[in-house]
Amino acid sequence: MNGLGAFLERQRELRGAWLKALYGVLAALVLLNLFVGPHEPHFGLDAYPGFWALFGLVVGVLMVVIMKRMVQPVIVRREDHYGDV
Amino acid sequence: METSSFIHPAIGFLALAAVLPFLRGQWWNWLLPAPAVLAVFAVFTMTPGDHLTLHWLGQTLLLGRVDKLSLVFAQVFAVMSVAGMLYAMHVKDRGQHIAAALYVSGGFGCVFAGDYLTLFVFWELMSIGSTFLVLLNRTRESVLAGFRYFLYHTAGGLLLLAGLLLRYKALGTWEFTAMAPSANAPLYEWLILAGFCVNAAVVPLHAWLPDAYPRGTVTGSVFMCAYTTKTAVYVLARGFAGWEILAAAGTVMAVYGVLYACIENNARRILSYHIVSQVGYMVAGIGVGTAMTLNGAVAHAYAHILYKGLLFMGTGCLLYAAGTAKLDKLGGLAARLPWVMVLYMVAALSISGMPVFNGFISKTMTITGAAEAHRTLVALGLEIAAVGTFISVGIKLPYFAFWGGKPTDNDRVLAPIPWNMYAGMSVLAVLCILQGVAPSILYAYLPFEVEHPYVPWSVWHVLQSLLLLGFSGLAFYLLRKVITPHEGLNLDVDIAYRAVGTGALRFVCRPLAFLDDRWTEAYRTGGLRGLMGIALGSVWFDRQAIDGVVDGSARTVRGIGGLGARTQNGSLQDYLGLAAFFALCVFGLVWYLG
């Protein structure tokens, strides 16, 4: 295992610290959004601070839940459904 | 013939395809990047204007239309071919290299084609070359997918052919020019548009792409993901800018692709659905049709070729080393393939539009352009697609391939990855970052004049991207147990044409086979007896009179017949290859004599 591989292996043990850093960065971004906004909002609502944070979170959650929990169960088949494999 | 300031970049690739079968030994793999380097040189030295006109059957064909639009596409095609050929250098199967070379030369031919006939010839050459890149994976799965791919593209090619023939009948010209958007456009324009849309994988004509690309060879899919759809984007940008239907179609593609990618398990199929999605950004930009969105479409095509090539290379490495690209079978590989992971992540962050990487400077241009043209729904759809892109390609794929909550997989035997694969990936990774940091490297080549040039690196753009991506990342983290990929096949619109195919096969197998049986029976009893009678007569005549004279020629005829019988072996691959070979011979002859 080379240097980079060993480094990555060590980071697995620091999982909690990385997660805290992520939360910190996200909070800082929203805080910054209070002071920095778009010159010309594209949709109107995006003039409000936190709009894009909420947009990313809500669209992401809805997309995963709808596609994995509601759509996929209906359209999924066995891997060799068409007899190709 | 004016050639002083124009070398057609296809020449080198055609020459490579022509000589490769005759070279002995293994040294020829050093020859592979040569035509690509020549193509880069050609693109940077050619001067705008019309080059290489050809007179054939009373028609004037234009093989070298060089303007800003064709130049920027040719440039990225050339750069990509260098990386692609480097990445493929270790492959010993010459067939794959020949197919790739023909395919790439077809791409260059389309980009520089000034008339529909030339365009059509190279369009079909691409179709044949790419079919072989699927077939030559040599598994049952890929041979079947290759057949479907070829049938589908033949149908698309026929739409284009029908359109351009009707257009010639109506207008008396083959010239390939922009078509003005209008509600009551003539039928031929719709046919041509449909032909282009097949190759652009416009939903619902897209199913060939996620069907074939995951089944191509490791190195072949890298080429395919770059050229077919982007050639289609180029012809759409030239012919159909401002067509309203494309704005809607592109937005649908952008969202549709990410939704399917969200539930896919096969890494290369996730990327394939993301081609549909990313090409959606370009098609939408072309449909909106302002200078800014057209530039956005071109810039995104350029950036997309670089990072999508790199994404397919990264997943190709997984497939090459681990023997599978299915996420449920991978995991715990970060420490064992660290550089593959890092190079993959460069591409993954690029496609997601993360600042510093090139997707950031191209994707935001299209979205901002759409919003400034007051196309709120288009812009909204593209933002939704951006969230899905980061979740699927930016996090899900690498997370489940390299970590997946599993311990480091020390037991799995990994095939060592050759240096040239790393070299090909590094070229693209460096370019992705360079363009992201210094957008002018890309913007300098954009073809359309805008009043206020787009500036991606503003505090707000950076903050907006980070907010959007950061919180979609949080959504993934919260739902990582829900999004875990499982084995399975997700039905798509190909269910429709597979039903048609199965139906046709049943029709041939049952009623037609019955008729064939009866006919054989009738022939055996009636026809054969008559023939025997004639034959007996002929034998007598032959023995008495002609024997000595004809013996020689009979032997010749038998020889030719034998050759014919050998070529007609009933396998589509061989017919295809022969047809392409003869077409190229005729083409070369015309070129030489003209």
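Rolling a 1.4 Å probe over the protein chains gives B:Lys68 an accessible area of about 110 Å².
The residues of region B:368-443 present an accessible area of 38 Å² per residue when probed at 1.4 Å with all protein chains retained. For the set B:Trp339, B:Trp56, solvent exposure ranked by accessible area (probe 1.4 Å, protein chains only) runs largest to smallest as B:Trp339, B:Trp56. Taking the Cα centroid of region B:331-366 and of region B:488-506, what is the distance between the two, rounded to the nearest whole Å? The distance from the Cα centre of region B:331-366 to that of region B:488-506 comes to 35 Å. The peptide list B:31-37, B:356-362, put in order of mean Cβ contacts within 10 Å with the highest first, becomes B:356-362, B:31-37.
Across region A:3-75, counting alpha-carbon atoms alone, Rg and Dmax equal 18.0, 49 Å. In units of the rule-of-thumb radius 2.2 N^0.38 Å, region B:345-500 shows an alpha carbon radius of gyration of 1.27. Over chain B, DSSP H runs of length four or greater, each weighted -39,500 (n - 2.57), average out per residue to a 222 nm ellipticity of -22500 deg cm²/dmol. Against the empirical curve 2.2 N^0.38 Å, the C-alpha radius of gyration of region B:256-318 lands at a ratio of 1.22.
Calculated on the alpha-carbon coordinates, the convex hull of region B:72-173 measures out at 88 cubic angstrom per residue. Here the Karplus relation 6.51 cos²θ - 1.76 cosθ + 1.60, evaluated at θ = phi - 60°, turns the backbone of region B:320-334 into coupling constants of 5, 7, 9, x, 8, 10, 8, 5, 5, 9, 9, x, x, 10, 4 Hz, with x for every Gly and Pro. Expressed as a fraction of 2.2 N^0.38 Å, the C-alpha radius of gyration for region B:1-199 is 1.09. Using the Stokes-Einstein relation with a Kirkwood hydrodynamic radius computed over Cα pairs, the translational diffusion coefficient of region B:241-486 at 20 °C and a viscosity of 1.002 mPa s comes to 119 µm²/s.
Treating each Cα of chain B as an identical point scatterer and summing with the Debye formula, the log10 of I(q)/I(0) at q = 0.07, 0.09, 0.10, 0.12 Å⁻¹ comes to -0.45, -0.71, -0.86, -1.20. At q = 0.15, 0.18, 0.33 Å⁻¹, what log₁₀ I(q)/I(0) does region A:43-85 have when each alpha carbon counts as one equal point scatterer in the Debye sum? Those come out to -0.57, -0.65, -1.02, one per q. Both radii are taken from the alpha-carbon atoms of region B:208-272; with Rh as the Kirkwood radius, Rg/Rh is 1.03. Among B:Phe448, B:Phe402, the order of accessible area from largest down is B:Phe448, B:Phe402, computed with a 1.4 Å probe on protein heavy atoms.
For the pair region A:43-65 / region B:416-446, the C-alpha centres are spaced 31 Å from each other.
Taking a sphere under 13 Å around the Cβ of B:Tyr523 and counting the other residues whose Cβ falls inside, with K and R at +1 and D and E at -1, yields a net charge of 0. In this structure, B:Asn410 and B:Thr376 have a Cβ-Cβ separation that, at R0 = 56 Å, corresponds to a calculated FRET efficiency of about 0.60.
Taken along its three principal axes, the alpha carbon spread of region B:164-263 comes to 45, 27, 17 Å, from the longest extent down to the shortest. Computed from the alpha carbon positions, the gyration tensor of region B:141-194 leads to an equivalent ellipsoid with semi-axes of 29, 12, 8 Å, biggest first. For the peptides B:149-162, B:206-219, B:485-498, B:414-427, residues were scored by their other Cβ atoms within 10 Å and the scores averaged per peptide; the highest-first order is B:206-219, B:149-162, B:414-427, B:485-498. For a paramagnetic label modelled on B:Thr53 (point 7 Å from Cα along Cα→Cβ), amide N atoms under 19 Å away belong, within region B:158-183, to B:172-178.
When A:His42, B:His461, B:His304 are compared by accessible surface with a 1.4 Å probe, the order from highest to lowest is A:His42, B:His461, B:His304. Computed from the Cα positions only, the extents of the protein assembly as shown along the three principal axes stand at 106, 57, 51 Å, in decreasing order.
Listed peptides A:43-50, B:434-441 appear in the order B:434-441, A:43-50 once ranked by packing, highest mean of other Cβ atoms within 10 Å at the front.
The values are calculated or read from the model by the stated rules, or taken from the named source; none is laboratory data. From a predicted model like this one, the values you see are computed outputs, not experimental measurements. Positions of Cβ are backbone-derived with ideal geometry, glycine not excepted, and every protein chain shown enters the neighbour counts. Ligands, DNA and RNA are excluded from the accessible area calculation, which covers all protein heavy atoms including side chains. Shrake-Rupley method; radii C 1.70, N 1.55, O 1.52, S 1.80 Å.
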